[in-house]
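S.K.: Would you mind keeping the following structure in view while I ask a few things?
No lab work stands behind these numbers, since they all come straight from the coordinates. Because the structure is a prediction, the values reported are computed rather than measured. Note that we place each Cβ from the backbone using ideal geometry, even for glycine, and neighbour counts take in every protein chain shown.
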């Protein structure tokens, strides 16, 4: 029993470190990808081809002064970034990286992830509220509205997958998917996949839905008043959130760890490639699209995405009852 | 009590909504310098928007009262630093009118060519920041790539990138080199394809259209009433371009069109400026083809170290015969003094109509210089346009009016 607990803790530490490393290099990857899309080089100075840049950034943020605005609500102000990061990190626990490799392979994995991503939204709202600053307040308001609306669209877009797989367990979904005719749900669930991709961008506050922190209007939105490592926590939370969302997309629509052929000593390879493809998609969108206006985001969420996702659910139900059986 | 004040009072009485004030600026990433907007917001809706300018005031108009006409030239670089040469040219034209000098034809062509280059440079910075404000960050870097080419050409031309002071009273500073012309040739051949690159990114993008169409509408009459000029006015469908209607320099000899918008929203102003890029390329090409040989500075142009003359007592709007007329007579009678009287000359700079008004007492220094800067007037219009729109639209409007605070605050 004790050994089991110790092993789990060891596993958590290993996964945590690996994820943190990936988060650090996700920022590097982002700057390089967007840099090359924008006819420039991205980071080049720290280490060969700027490879040590994320570490330098981390050190810089860690040693910065911890500025605390006088009018802010202290406990909430301190708690908000931690909530954001913890909620994002906790979601990692239920993600199966390859067959049988998940920290906790619970039966309601998908539901757990949705719950945790809502919790991250709570952190953003608290941050905007506790800062007691007008820009942060507006950012927090926008975040609460946006995250709640897109939560619904995202949840509904996954319902089709749940119906097809008949399970909420992430590993079961991948296994059911491997046995389906196409091997991935992105093809039969193309509508759901589309809604998921859009909602995924909105859930993680990425362009074109980066309203809560929209730098051209609200300076930095909800994290305007945060400096140093507290700001870094938000930043980490956002990137962990991106990895989580990309993982959910991979598991639900792209077939998880399965691939065209088996790689015996490196079973995570397909999972990683798919996740990185989706992360690349985040960056690609960011380099291409302008930003929506706040009310337009709401209209898109409620008038387009939710009806589409609902239609997808109905369609899947009909197909499942009459065609695929 | 205006409609909006009523609304503010109305909302403040309402228990459910809360009006709050935001001072956007002067340090803010999207206000293009040090513009400050005092906003009254009801949630995301702007109830009132009052621009607050003056954070970049350097007293250029006052400074010039103690400098000779030649010495004031570098100050005009610092007005609209995105298109310094256009300001220089406007200033030179005004002083030339005052002193009765005419630049030789070659100098006129060179000025026109360089002015259009600076128009492209200024519009590139406009599209870059406008797109960045709306969130399309790639356009920003693409535009800077091309702007760099123009600035390098300026450097080759006269040694300075941002503040060239290239024109002179009565001509230009030095002639163009072969290499410069080759580079320009290459640039204008390549540039239209680069424009298409920007357009593929934003022109038909759904989000871009949603953010710009029907936003910040200024009807033609209101635009005239607000004193808008340049592409901001033409976007509302008013055909007014000083290059066309009161041509100066080599503009009468070149063929170009003035792009006009229809509805006067952010998108139309955007389209107008995008078309102006193409017209500028056309003007540059014609200037290069027609460039006549000859001197580049007039014989009677004042030296850089202008001699000062004793002042004569003359005031703007003084009674008696027209100052300009008396001045002309005096000038003919006695070449010892510079021309007296007042003169207003306006040119079409990338931002709009830039006017220089001089009151001269014949000393060789302006008794008073006033600059009619388009940005100042456009910022004044901002408050009217933004009322009732959302916070995000303010940013789109600032970008589409193309204001620069260096020129606004002077």
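S.K.: Please report, in Å, the Rg and the Dmax of the stretch A:1-136, where both are computed over Cα atoms only.
M.R.: My reading of the Cα-based Rg and Dmax gives 18.7, 56 Å.
S.K.: While we're here: Order these by the 10 Å Cβ neighbour count, fewest first: A:91, A:104. Kindly include the intermediate steps, with their values, before the conclusion.
M.R.: Details: A:91 25, A:104 12.
Lowest count first: A:104, A:91.
S.K.: Relative contact order for chain B: what is it in percent, counting Cα pairs under 8 Å that are at least 6 residues apart?
M.R.: Numbers: 779 pairs, mean separation 101.9, N = 410.
So the answer I get is 25 percent.
S.K.: Within 10 Å of each residue's Cβ, count the other Cβ atoms and sort A:15, A:161, A:125 from fewest upward. The partial results should precede the final answer.
M.R.: Values: A:15 18, A:161 27, A:125 22.
Neighbour counts put them in this order, fewest first: A:15, A:125, A:161.
S.K.: Taking the beta-carbon count within 10 Å as an exposure proxy, list B:361, B:80 from fewest neighbours to most.
M.R.: B:361, B:80
S.K.: Separate question: Let me check the size of the stretch B:78-231 from its C-alpha atoms; what are the radius of gyration and Dmax in Å?
M.R.: 18.0, 54
S.K.: In degrees between 0 and 90, to the nearest 10, how far off the longest principal axis of chain B does helix B:84-99 point, with axes built from Cα atoms?
M.R.: It works out to around 40 degrees.
S.K.: Between helix B:137-158 and chain B, what is the angle of the helix's C-alpha long axis to the longest principal axis, kept within 0 to 90° and rounded to the nearest 10?
M.R.: Between the helix axis and the principal axis of chain B, the angle is about 10 degrees.
S.K.: Per q in 0.09, 0.11, 0.16 1/Å, what log10 I(q)/I(0) does a Debye calculation on the alpha-carbon atoms of the stretch A:84-227 return?
M.R.: -0.33, -0.48, -0.86
S.K.: On to the next question. If one computes P(r) from the Cα atoms of the stretch B:202-262, what percent of pairs lie at distances over 17 Å?
M.R.: On the way: 957 of 1830 pairs.
So the pairs more than 17 Å apart make up 52 percent of the total in the stretch B:202-262.
S.K.: Please report, in cubic angstrom per residue, the volume enclosed by the convex hull of the alpha-carbon atoms of the protein assembly as shown.
M.R.: Per residue, the Cα convex hull of the protein assembly as shown comes to 209 Å³.
S.K.: Same structure, new question: Using Cα atoms only, what is the angle between the long axis of helix A:170-179 and the major principal axis of chain A, expressed in degrees (0 to 90) to the nearest 10?
M.R.: 40 degrees
S.K.: Evaluate peptide B:205-211: per residue, the Cβ atoms of other protein chains within 10 Å of its Cβ; return the mean as an integer.
M.R.: Across the residues of B:205-211, the mean count of other-chain Cβ atoms within 10 Å is 5.
S.K.: Across the stretch B:138-193, how large is the tail of the calculated P(r) beyond 18 Å, expressed as a percent of all Cα pairs?
M.R.: On the way: 624 of 1540 pairs.
Value for the stretch B:138-193 (Cα pairs over 18 Å): 41 percent.
S.K.: Another one. Convert 10 °C to kelvin, take the viscosity as 1.306 mPa s, use the Kirkwood radius over C-alpha pairs of the stretch B:173-285 as Rh, and evaluate the Stokes-Einstein diffusion coefficient in µm²/s, rounded to a whole number.
M.R.: Working: Rh = 15.8 Å.
Estimated diffusion coefficient is 101 µm²/s.
S.K.: Just counting partner chain Cβ atoms within 10 Å, what average do the residues of peptide B:133-145 show around their Cβ? Don't jump to the answer; show the numbers that get you there.
M.R.: Numbers: counts 6, 7, 14, 7, 12, 9, 2, 1, 7, 2, 0, 3, 3.
Per residue, the average neighbour count from other chains is 6.
S.K.: Then there's this: Against the globular-protein guess of 2.2 N^0.38 Å, express the Cα radius of gyration of chain B as a ratio, rounded to two decimals.
M.R.: Details: Rg = 22.5 Å, N = 410, 2.2 N^0.38 = 21.6 Å.
The value comes to 1.04.
S.K.: Which order do the peptides B:211-220, A:294-303 take when ranked by the mean count of other beta-carbon atoms within 10 Å per residue, highest first? Could the numbers behind the result be given before it?
M.R.: Values: B:211-220: 20.1, A:294-303: 17.3.
Result, highest mean Cβ count within 10 Å first: B:211-220, A:294-303.
S.K.: GNM, chain B, Cα, under 10 Å: largest mean-square fluctuation among B:127, B:85, B:101?
M.R.: Highest fluctuation among the options: B:101.
S.K.: How much space per residue, in cubic angstrom, does the convex hull of the C-alpha atoms of the stretch A:63-322 take up? Before the final figure, lay out the partial values.
M.R.: Working: hull volume 32.5 nm³, N = 260.
Value for the stretch A:63-322: 125 Å³ per residue.
S.K.: For A:34-41, what's the mean count of beta carbons from other chains sitting within 10 Å of each residue's beta carbon? Before the final figure, lay out each step's value.
M.R.: On the way: counts 3, 1, 0, 3, 8, 5, 3, 0.
For this peptide, the per-residue mean of nearby foreign Cβ atoms is 3.
S.K.: Normalised by the residues of chain A, what does the relative contact order come to in percent, with Cα pairs under 8 Å and at least six apart?
M.R.: Working: 475 pairs, mean separation 74.0, N = 325.
Computed value for chain A: 23 percent relative contact order.
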